[in-house]
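Read through the structure below, which is laid out as structure tokens, and then see the notes.
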Amino acid sequence: MRIGIAWLTYRSNTFALTPGKLSAGWGEDPKPAVNWLRTMLEPLAQRLGLELVNLCDVQSAGGSVSTAEFLAFLQQFDETLDRTKPIDALLLHTSGTLVVDGMSGDVLLLQHLRQRHPTLPIAVLVDHVAQLPPDITDVTPLILGPHRWPPRDRPQRLERALDLLRQWARGRIQPTLVVHRLPLVFPLAVQRTDIPPFDRLSRKLAAWEAHPNVLTTSVLGGFPYADVSYAGASVIVITDGDSQLGNAIAHELGQELLELRNALHWPTLTIEEAIHRAMTASDHPVVLLDTGDAPEAGAPGEGTAALWAALDLGARGTIVSAIVDPEAVEIAHRAGPGITIELELGGKHDHRHGYPIPVRGVVRRIGAGIYRRRSPLAPGQPVDVGPSVWLELEGRYHARVDVIVTSKPGPFDDPELLFALGLSPHCASVLVLKSALDAFAWCHDSRLWKSNSFPKEVIQALTPGISTTDLSFFTFRQLPRPIWPLDEL
């Protein structure tokens, strides 16, 4: 059985200043650095007796996508699908947050596929931030999400999606979908299942999936950085032909989510307080997350709040990863390694994340900015953040801060960007990452750290920007109201 695989995990932040681009890799490629999906999914396919065919890989996040950009993507998708026929079924892994001129890109893609291939079985694995419009249930009954936030269980959920798709295509099950929407939307930084209160969710979801008539259960936290009319959290339950059971489970899980909201852990330290705490910690390394300028949530990655605080407070042994500033990269490239330069860094286009700051330091290394992800969220996925540099900067009180500067935003939660420029996170006392949540996927993974360099603490710091936990920062026009935490319920 041949199953086409499409990876479309682009997250649309409608508050971003620049429109989004669906830059994709298409089809099969014999090079392992490119064909990472086959490497990751092949063991799953072998266990299930399936043949997988790669269709596309779209990564990253940014602004809303224009209709013209999306139509060009659809045309290329159709051409790739036609070249790879015959396909017995299709598995889409999407963010569930793609916005195309105010509309759900996930629904538009599914409707397009359903129109061209009316009998093709399609399964969708969505991200934990997915927001599902009501009409998504009209195009496929097989939609599921992860049990963990961030989704470290992605391989297991992909395997479950493939297994259900295989059974459905062979007529062995009758997926019956129930989607229960809730007037809640959780900032990305609080969507954690490694700590209370959401730590109980994965156990409860797994327990329900052990029920003989339950195919899958999922709870999605929503994405407040997409101002759309269908925003909010939701519960998904798929049974084998038993909608009554599905509704009962969805209602129970929805009530529990409503009750848990008031016990959430919210970041409380400003970036200055977080850096001071990290500097004075008795044990290192300490990881700080710059939650307001997180590219994983569509932020531009050019914010300077964390770097400014580190230089101003006299931080030493500190790494900041990263700042997007192609102009600064060009200056450093012209100067070359070993040369001391002075320039204004970051904050050149979107001042909601901080303004340019004057810096002085040495160009330690320059690189192409091409690497493969180490994070368990997408191990082996190729990333290109453009020409990049490692700068060693000076600051007040003899501060010494190493900063990675890139030409384009990327997954700055991933340590492999540092290794690509010859800078090891194992050597840092304080590691600052532009990430609201996804860095937790590897910060607590002992396989990626030496025994004596495992992070002793991970602090989510409050910083300005379009991925902040402070939703009063935004002017919402489409969000359904009332919705918590903006409104009391």
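The values are calculated or read from the model by the stated rules, or taken from the named source; none is laboratory data. Because the structure is predicted, anything quoted here is derived from the model rather than measured. Don't worry about glycine lacking a Cβ; one is built from the backbone with ideal geometry, like all the others, and counts go over all protein chains shown.
Mind checking which pairs have a first residue in segment 31-50 that is in the same structural domain as A169 (by TED's automatic domain parsing) and modelled with pLDDT under 80 and a second that is crowded, with 18+ Cβ neighbours inside 10 Å and among the β-branched types (V, I, T), Cβ under 8 Å, 6 or more apart or different chains?
L37/I5
Any chance you could count how many residues in segment 127-176 are part of a helix (DSSP H, G or I) and of a type in the set (A, V, I, L, M, F, W, C)? Working first, answer last.
As a first pass, look at segment 127-176 and keep what is part of a helix (DSSP H, G or I): 134-138, 154-169.
When the remaining residues are screened for being of a type in the set (A, V, I, L, M, F, W, C), the result is 136, 158, 161-162, 164-165, 168-169.
Here the count works out to 8.
Under the condition of being farther than 28 Å from V185 by Cβ and of a type outside the set (A, V, I, L, M, F, W, C), which residue from segment 281-292 is surrounded by the fewest Cβ atoms within 10 Å (Cβ to Cβ)?
Applying the filter and picking the extreme gives S282.
Taking segment 281-309, which residues are hydrophobic (A, V, I, L, M, F, W, C) and in a loop (DSSP other than H, G, I, E, B)? Before you say what the answer is, go through the steps one by one.
In the first step, residues of segment 281-309 are kept if they are hydrophobic (A, V, I, L, M, F, W, C); the result is 281, 286-289, 294, 297, 299, 305-309.
Within segment 281-309, A281, A294, A299 meet the criteria.
Kindly check whether there is at least one residue in segment 355-369 that is in contact with a His (Cβ under 8 Å, 6 or more places away or on another chain) and in contact (Cβ under 8 Å) with a residue 12 or more places away in the chain.
First, pick out the residues of segment 355-369 that are in contact with a His (Cβ under 8 Å, 6 or more places away or on another chain): 366.
Next, from what is left, pick out any that are in contact (Cβ under 8 Å) with a residue 12 or more places away in the chain: 366.
Yes: segment 355-369 contains one or more residues that are in contact with a His (Cβ under 8 Å, 6 or more places away or on another chain) and in contact (Cβ under 8 Å) with a residue 12 or more places away in the chain.
When the residues of segment 186-226 are filtered to those that are more than 23 Å from V237 (Cβ to Cβ), surrounded by fewer than 19 Cβ atoms within 10 Å (Cβ to Cβ) and not hydrophobic (A, V, I, L, M, F, W, C), which remaining residue is farthest from the chain's Cα centre (by Cα)?
That would be P196.
Of the residues D283, D290, which is modelled with pLDDT under 95 and either under 21 Å from the mean Cα position of the chain (by Cα) or at negative phi (or both)? Explain how you work it out, then say what you get.
Values: D290 fails: modelled with pLDDT under 95.
Residue meeting the stated conditions: D283.
Could you count how many residues in segment 310-354 are under 14 Å from S407 (Cα atoms) and without any contact (Cβ under 8 Å) to a residue 60 or more places away in the chain? Full working, then the answer.
As a first pass, look at segment 310-354 and keep what is under 14 Å from S407 (Cα atoms): 321-333, 345-349.
Narrowing the set further to residues that are without any contact (Cβ under 8 Å) to a residue 60 or more places away in the chain leaves 327, 330-331, 333, 346-348.
The qualifying residues number 7.
State the number of residues belonging to segment 1-30 that are modelled with pLDDT of 90 or more, out of contact with any helix residue (DSSP H, G or I) (no Cβ under 9 Å at 6 or more places or on another chain) and under 19 Å from K85 (Cα atoms).
1
Please determine, by comparing only the residues of segment 372-402 that are under 22 Å from the mean Cα position of the chain (by Cα) and among the aliphatic types (A, V, I, L, M), which one is modelled with the highest pLDDT.
Once the filter is applied, the top-ranked residue is V385.
Here's a check for you: in segment 310-328, which residue that is in a helix (DSSP H, G or I) and crowded, with 24+ Cβ neighbours inside 10 Å is farthest from the chain's Cα centre (by Cα)? Quick ask: steps written out before the conclusion?
Initially, segment 310-328 is screened for residues in a helix (DSSP H, G or I), giving 310-312, 326-328.
Imposing the further condition that a residue be crowded, with 24+ Cβ neighbours inside 10 Å reduces the set to 310-311, 328.
Values: A310: 26, L311: 28, A328: 26 Å.
Out of the qualifying residues, it is L311.
I'm checking my understanding of the structure. Among residues of segment 451-476 that are within 15 Å of V287 (Cβ to Cβ) and either assigned by TED's automatic domain parsing to the domain that holds A189 or part of a loop (DSSP other than H, G, I, E, B) (or both), which one is modelled with the highest pLDDT?
If we filter segment 451-476 for residues that are within 15 Å of V287 (Cβ to Cβ), which is where we start, we get 453-461, 463.
From what's left, either assigned by TED's automatic domain parsing to the domain that holds A189 or part of a loop (DSSP other than H, G, I, E, B) (or both): 453-456, 463.
Numbers: S453: 60, F454: 67, P455: 77, K456: 78, T463: 96.
Checked segment 451-476; the qualifying residue modelled with the highest pLDDT is T463.
Would you check which residues across segment 247-274 are over 14 Å from V179 (Cα atoms), at pLDDT 95 or above and of a type in the set (V, I, T) and list them?
Within segment 247-274, T270, I271 qualify.
Can you find a residue that is modelled with pLDDT under 85 and either exposed (fewer than 14 other Cβ atoms within 10 Å of the Cβ) or assigned to a loop (DSSP other than H, G, I, E, B) (or both) anywhere in segment 430-442?
No, there is no match, as no residue in segment 430-442 is modelled with pLDDT under 85 and either exposed (fewer than 14 other Cβ atoms within 10 Å of the Cβ) or assigned to a loop (DSSP other than H, G, I, E, B) (or both).
I'm trying to understand the selection: among the residues of segment 69-100, which are among the polar types (S, T, N, Q), under 16 Å from L22 (Cα atoms) and in contact (Cβ under 8 Å) with a residue 24 or more places away in the chain? If you could, list the steps in order and put the result at the bottom.
The initial filter retains those residues of segment 69-100 that are among the polar types (S, T, N, Q), namely 75-76, 80, 84, 94-95, 97.
Now restrict to residues that are under 16 Å from L22 (Cα atoms): 75-76, 80, 94-95, 97.
Passing the criteria: Q76, T80, T94, S95, T97.
Mind listing whichever residues of segment 156-183 are among the aliphatic types (A, V, I, L, M) and in contact with a Gly (Cβ under 6 Å, 6 or more places away or on another chain)? Give the derivation first.
Going through segment 156-183, the residues among the aliphatic types (A, V, I, L, M) turn out to be 158, 161-162, 164-165, 169, 173, 177-179, 182.
If the condition is that a residue be among the aliphatic types (A, V, I, L, M) and in contact with a Gly (Cβ under 6 Å, 6 or more places away or on another chain), then V178, L182 are the ones that fit.
Kindly indicate which of L125, L109 is under 19 Å from G222 (Cα atoms), touching a residue at least 12 places away in the same chain (Cβ under 8 Å) and surrounded by 23 or more Cβ atoms within 10 Å (Cβ to Cβ). Talk me through it step by step, then tell me what you get.
Numbers: L109 fails: under 19 Å from G222 (Cα atoms).
Going through L125, L109 in turn, the sole match is L125.
Could you grab me the full set of residues in segment 360-385 that are aliphatic (A, V, I, L, M) and within 15 Å of V329 (Cα to Cα)? Steps first, please.
Of the residues in segment 360-385, the ones aliphatic (A, V, I, L, M) are 362-363, 366, 368, 370, 377-378, 383, 385.
Once the filter is applied, which keeps residues that are aliphatic (A, V, I, L, M) and within 15 Å of V329 (Cα to Cα), segment 360-385 yields V362, V363, I366, A368, I370, V385.
Need the failing condition index for T140 against (1) in contact (Cβ under 8 Å) with a residue 40 or more places away in the chain; (2) touching a helix residue (DSSP H, G or I) at 6+ places or on another chain (Cβ under 7 Å); (3) buried (at least 18 other Cβ atoms within 10 Å of the Cβ), just the number.
Exception for T140: condition (1).
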